[in-house]
Amino acid sequence: MTDDQKTTHFGFQTVNEAEKAGMVHGVFTRVASKYDVMNDAMSLGIHRIWKDAMMDWLAPRPGTKLLDVAGGTGDVSFRYLKRAPGAHATVLDMTESMLVEGRQRAEADSMADRLDWVVGDAMALPFKANTFDVYTISFGIRNVTRVQDALNEAFRVLRPGGRLMVLEFSQIPNDLMQKAYDLYSFNLIPVMGQVIAGDRDSYQYLVESIRKFPDQETFAGMIRQAGFGQVKYRNLTMGIAALHSGWKI
């Protein structure tokens, strides 16, 4: 089977691998202007607590270099730079309109000399090996066509001793609670997408992509497969989201 005949999932749809990146790009281009507002609405603002928990575990160090992949509007990079004097962040995203939204935020102006904004692909990062001290990706890796390739690239661009931190929606380890969360996700979030962003289909995809993403243990195994050591994860809000950490040893 040739590469262009391989299939993957786009939410619950089976699609040609070669088509997925363009479809994901279309989703985030359409929702870029309302992305931050929708994050607050969908999570009732809890995504901010999750990102702060990410920073607490990460403990940003002064003078370090962060690569924030699928960094979109800069939320994680801004948090990192506020905690790490003299640090520098590179925000990489495949969707230029997301980066444009980020550059227009007030935080971007105040940190302009410490920020780079790069359009790029998580599976083929445009950076030399051993470049960054920290690699973060928040609510983005489930949208990558080949997740293992993205993790392999994270390992490549990190310096020895560098840290990987992934924040992603996950699976609640309680069937009854997972069913309740699914009812909320599938019935309310697409409606919010229609009302707030004028785009039901994009948020239907985002909900479906969460359910297709590997559970905590499976994803931790993929991080180990990429070469990372000391791989650990922490559940957030009962497992609705999870933080995954690994080190390039």
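The values are calculated or read from the model by the stated rules, or taken from the named source; none is laboratory data. Since the structure is predicted, the reported quantities are computational estimates derived from the model, not experimental observations. Cβ atoms come from the backbone with ideal geometry, glycine included; neighbour counts cover every protein chain shown.
Of note:
- Residues (in a helix (DSSP H, G or I), crowded, with 17+ Cβ neighbours inside 10 Å and of a type in the set (D, E, K, R)) located in region 173-210: E208
To keep it simple, each residue is scored yes or no on (1) buried (at least 17 other Cβ atoms within 10 Å of the Cβ); (2) basic (K, R); (3) touching a helix residue (DSSP H, G or I) at 6+ places or on another chain (Cβ under 6 Å).
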position: G11; (1), (2), (3): yes, no, yes
position: E17; (1), (2), (3): no, no, no
position: V27; (1), (2), (3): yes, no, yes
position: N39; (1), (2), (3): yes, no, yes
position: M42; (1), (2), (3): yes, no, yes
position: R48; (1), (2), (3): no, yes, no
position: D56; (1), (2), (3): no, no, no
position: A59; (1), (2), (3): no, no, no
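- Tally of residues being closer than 16 Å to L99 by Cβ and touching a helix residue (DSSP H, G or I) at 6+ places or on another chain (Cβ under 9 Å) across region 115-126: 7
- Restricting attention to region 226-249, the residues that are closer than 22 Å to D175 by Cα and among the β-branched types (V, I, T) total 2.
- Count of residues meeting criterion [in a loop (DSSP other than H, G, I, E, B) and touching a residue at least 24 places away in the same chain (Cβ under 8 Å)] in region 70-105: 11
- The conditions of being at pLDDT below 95, within 22 Å of F219 (Cα to Cα), surrounded by 14 or more Cβ atoms within 10 Å (Cβ to Cβ) and of a type in the set (F, W, Y) are not met by F155.
- Scanning region 45-52 turns up no residue that is in contact with a Phe, Trp or Tyr (Cβ under 6 Å, 6 or more places away or on another chain) and at pLDDT 95 or above.
- Contact annotation: residue pairs with Cβ atoms under 9 Å, 6 or more positions apart or on different chains, pairing a residue in region 5-16 that is on the phi > 0 side of the Ramachandran plot with a partner that is β-branched (V, I, T), are G11/V207.
- Residues that are crowded, with 20+ Cβ neighbours inside 10 Å, touching a helix residue (DSSP H, G or I) at 6+ places or on another chain (Cβ under 8 Å) and either of a type in the set (A, V, I, L, M, F, W, C) or modelled with pLDDT of 95 or more (or both) within region 91-107 comprise V91, D93, M94, M98, listed in sequence order.
- Looking only at region 220-239, and only at residues there that are in a helix (DSSP H, G or I) and in contact (Cβ under 8 Å) with a residue 60 or more places away in the chain, the one that is nearest to G161 (Cα to Cα): I223
- Residues being touching a helix residue (DSSP H, G or I) at 6+ places or on another chain (Cβ under 9 Å), of a type outside the set (D, E) and either farther than 14 Å from T237 by Cα or in a strand (DSSP E or B) (or both) - total across region 156-172: 7
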